[in-house]
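Shown next, in structure tokens, is the structure this report addresses.
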Amino acid sequence: MQIVHKINDFLYTIFPQLELVSKEEVTNTIRKYYTFVPFVPTVTLEENLIIIDVDTETISTQDADYNQTVSLCDKGKFDDAKIILEKLINKNPTNSYLGR
């Protein structure tokens, strides 16, 4: 998913802390705001736009797989759940969400 914000008064209404900061601080603030668990978006500044690319497909897929492992564990099927969790960890080893 791509989110585009125009750099204008409305942006500063949503993010008032951005009004008097450097481009690097704008990028970092927007990146932190749109980060979902371990998934960090790509943020690009172009002239009068901020473009945020969020990998919602990966988020949805991994979330569904995680929920499936929880369901398997609830049923006592730990070996089946472990297989899915190992695949998820291999795809994204920094996802601490998987260890909760």
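Entry remark, the range 60-100: residues being at pLDDT 90 or above and either assigned by TED's automatic domain parsing to the domain that holds residue 36 or not in a helix (DSSP H, G or I) (or both) number 3 in total.
Scan the range 1-29 for residues that are surrounded by 13 or more Cβ atoms within 10 Å (Cβ to Cβ) and in contact (Cβ under 8 Å) with a residue 24 or more places away in the chain and the total you get is 5.
The values are calculated or read from the model by the stated rules, or taken from the named source; none is laboratory data. This is a predicted model, so every value here is computed, not measured. All Cβ positions, even for glycine, are placed from backbone atoms using ideal geometry, and neighbour counts span all protein chains on display.
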